[in-house]
Amino acid sequence: MAIEIETLNIVISKKRILDNITLKIKEHEICAIIGPNGAGKSTLLKSVAGFYKTDRIKLFGKRINLYNRRELAKTVSLLPQNIAPVPFTLKEFLLFSRYPYRSLLNEDSQAVSVCKEIMSITGIEELENRRLDALSGGQLELAWLAASLVTESKILILDEPTNYLDPYYTEKLRKIVLGLAKKKTVLIASHNLEWISKIATRIIALRSGAISFQTEKINKNDVAPLYKPIKLSEIEQ
Amino acid sequence: MHTKAKSRLIFILFFSIVTTAVMLFLRNYGNNVIFYEIRIPEILLAFFAGAGLSVNGAVFQTLFRNDLATPYILGIASAAAFGAAIGIQAGITSQIFLSAAAFIAAIFATIAVFAFGGISKRPGGLLLAGVALNFFFASAIMLMQYLANFTVSFEIIRWLMGNLSIIGYNKVYLLIPTVILSSFAIFRFYDELNLLVAGEEFAKIHGVNISSVKTALFFLTSLSTAIIVSIVGPIGFVGMMVPHIIKLIVGKDHKFVLAGSFFFGGFFLAASSEIGKIVVPPAQIPTGIITSLLGGPFFLWLLIRKRN
C-alpha cells in the first residue's frame with residue numbers, strides 16, 4: 001500500500017479542517033480529490049506531503065513522522081498550487097531540486113543525467129538554459145512539475161495542476177501524468193472534473209473536511225450536491 | 001551558465017582584492033608608523049565590516065524574499081547605536097567598553113525580535129517586530145540626544161554616522177575572526193538559500209528543514225551584524241546595495257552571490273571610507289554618510305527598475 005491514512009484529524013486555529021479521514025491508496029493508482037473550495041483538499045495533500053505533525057499516515061508501511069525531511073522528499077513530492085517564476089535557469093532549478101540527494105559528504109553523481117531524463121519526460125529540453133521568469137504559464141507549470149520529479153519520489157502529489165493551463169498544456173499534462181503513473185502513485189486535487197474523469201482511476205469527494213463518497217467514475221448526480229453552498233452550521237460541526 | 005558565473009566571480013575576487021590592496025598604499029606619506037598602525041588596520045576594518053554586512057544583507061534578502069531587506073530592518077543597528085549612546089552618555093571613553101555596550105544592546109534586540117516575532121505566529125511577524133524595535137530605539141536615541149549636553153550629543157551623532165577611523169589592531173582582532181567564521185558558516189547554507197528563493201513551501205517539499213536553517217541563519221547574521229555595528233557604527237545601505245550589484249553580475253546562485261558579496265562588499269566599504277577621506281581634505285566625511293548618499297539613489301533606481 002502506498003498511502004494509508006487512518007482517522008486523520010487536522011485542526012488549524014481551533015478549526016477542524018480534516019475530519020476523521022480514513023483512506024488507502026494502492027501503488028500506481030491515480031487518485032483524484034475533488035470537492036468545493038474549503039473542503040480540505042489542499043490540507044489533505046499537504047498532510048500526505050508531511051506538512052503537519054501526525055502519526056496517522058503511513059507511506060509504504062512506515063509512519064510519516066518517522067521519516068526525516070530528506071527521506072520524505074525522496075518518497076513524496078508535491079507540485080504546489082502557487083508556483084513562482086524564480087530567477088534561475090531551468091537547468092539550475094532542477095539541479096537545486098536534487099537537494100535530498102546531496103550533503104556535505106555526498107556528491108550527487110546522478111544529478112545531471114536524472115535532470116536530463118526528467119526534462120525529456122516533461123518535454124521541456126529546449127528550455128534548459130531559459131530562465132523561469134521568462135517562461136509562459138504552461139511552460140512554468142511543467143518546469144515546476146519537473147522540479148517535483150527530479151526527487152525521484154514514488155508518490156507524486158499535484159495540487160490544482162490545470163489552474164493556469166490552456167487546453168494544449170492541459171492535454172499535455174494529462175499524457176505526462178498517465179505516463180508517470182506507470183512508476184508512481186499519483187494524488188491530484190482539482191476542480192477540473194472533465195480532466196479528472198479522463199485520468200483518475202479513483203475519485204474521492206471531500207466536503208467540509210470529511211470524505212463524502214468515493215467512486216471510479218464521475219456521475220453528475222453524485223457531484224451536484226457536493227458543490228452546493230456549504231452552510232455555516234456544516235462547517236462548525 | 002555556471003562557467004560564466006564562475007569566471008565573473010573570479011574577476012570580482014581579483015578586482016576587489018587588488019583594488020583594496022592598492023588603496024592600502026595611498027596616503028601613506030612614506031611613513032612606516034602610519035602604514036602599520038593606521039593604514040593597514042583601517043583598511044582591514046573597512047574591508048571585513050563591508051564583507052560581513054554584504055553577506056548578511058544577501059541572506060536577509062532571500063530569507064525575507066524582499067530586495068530591500070537587511071539586518072538593519074530588524075532593529076539590530078539601532079539597538080547597537082542605542083547601547084553606544086548610553087555608553088557615551090555615561091561618560092565611558094574606552095572604545096572597548098563602548099563597543100561592549102553596543103554589542104549587549106544589539107544582542108538584546110536580536111533576542112527581543114525573535115521572542116516577539118515568534119509569539120505573533122504570523123507571516124512577517126519577525127519583520128514587523130524588527131521594524132517596531134527599530135522605531136523604538138531610534139526614538140530612544142533622539143530622546144537621549146535631546147537631553148544630553150552639546151559635547152555628548154555631538155559624540156553620539158558622530159558615532160551614528162559610522163566610524164572607520166582606528167589606530168592599532170584591538171578592534172580588528174575581534175572583527176576579522178567574527179566575520180570570517182560567520183560568513184563561512186553562512187556559506188555552507190548556499191544550497192538551502194537557493195531552494196528558499198522558490199519559497200519556504202518549495203524548500204520544505206525538497207527536504208530542507210526550514211526552522212533549523214532559518215534559526216541558524218538568523219543567529220549567524222545577527223551575531224555578525226551586532227559585532228560589526230558595535231565596532232564601526234551603523235553603516236547602512238552596504239548590505240542592500242552590494243548583493244544587488246553582485247546578482248546582476250554573477251546571477252542568483254547563492255554559491256556565487258555569497259562569495260561575491262563578501263569580497264565586493266569589502267572593497268565597496270573600503271572604497272567608501274577612502275572617498276570620505278579624500279573628498280574635502282583635511283576633513284573626513286564619515287563613511288555612513290557616503291554609503292547613505294550612494295544608497296538613496298540606488299534605492300530609487302531599484303524601485304524604477306522593478307517597475308520597468
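For chain B, hydrophobic long helices are taken as DSSP H runs at least 27 Å long by C-alpha position along their axis with mean Kyte-Doolittle hydropathy of 0.5 or more; these are B:2-24, B:40-63, B:95-120, B:125-147, B:210-232, B:254-278, B:287-307. Taking the square roots of five times each eigenvalue of the Cα gyration tensor of the protein assembly as shown, the equivalent ellipsoid has semi-axes of 53, 26, 18 Å, listed largest first. For the residues of B:188-198, the average number of beta carbons from a partner chain within 10 Å of their own beta carbon is 4.
Cα extents for segment A:1-64 along the principal axes, largest to smallest and rounded to whole angstrom: 32, 24, 17.
Counting every alpha-carbon pair across chain B, the share separated by more than 27 Å comes to 41%. Take the alpha carbon gyration tensor of segment B:138-297, find the square roots of its eigenvalues, order them as a ≥ b ≥ c, and report rounded if a/c is under 1.5; if not, report prolate when a/b exceeds b/c, else oblate. Note, shape of segment B:138-297 comes out prolate. For the listed residue pairs A:Lys26/A:Lys58; A:Lys74/A:Lys183; A:Lys184/A:Lys220, the alpha carbons are over 18 angstrom apart in A:Lys184/A:Lys220. Could you tell me which of rounded, prolate or oblate describes segment B:42-196, using a ≥ b ≥ c as the square roots of the eigenvalues of the alpha-carbon gyration tensor, with rounded for a/c under 1.5 and, failing that, prolate when a/b is larger than b/c and oblate otherwise? Taking the square roots of the gyration eigenvalues as a ≥ b ≥ c, segment B:42-196 is oblate.
Within segment A:104-202, the ratio Rg/Rh, alpha carbon atoms throughout and Rh by Kirkwood, equals 0.98. Which of rounded, prolate, oblate describes segment B:12-128, given a ≥ b ≥ c as roots of the alpha-carbon gyration tensor eigenvalues and a/c under 1.5 marking rounded, otherwise prolate only if a/b is larger than b/c? Here segment B:12-128 falls in the oblate category.
When the charge dipole of chain B is built from unit charges on Cβ atoms (+1 for Lys and Arg, -1 for Asp and Glu) and taken about the Cα centre, the candidate among B:Ser272, B:Gly83, B:Val213 whose Cα reaches farthest toward its positive end is B:Val213. With a Cα-only, solvent-free Debye model of segment A:130-183, what are the log10 I(q)/I(0) values at q = 0.21 Å⁻¹? Log10 of I(q)/I(0), two decimals: -0.82. Each part gets one Cα centre, and for segment B:179-257 versus segment A:24-86 those centres are 30 Å apart. Scaled to the globular estimate 2.2 N^0.38 Å, the Cα spread of chain A, given as radius of gyration, is 1.03.
Any read-out appearing in this document is the output of simple, stated calculations on the displayed coordinates, not a laboratory observation. Since this is a predicted model, take the numbers as computed values, not measurements. Neighbour counts run over all protein chains shown; Cβ positions are idealised from the backbone, glycine included.
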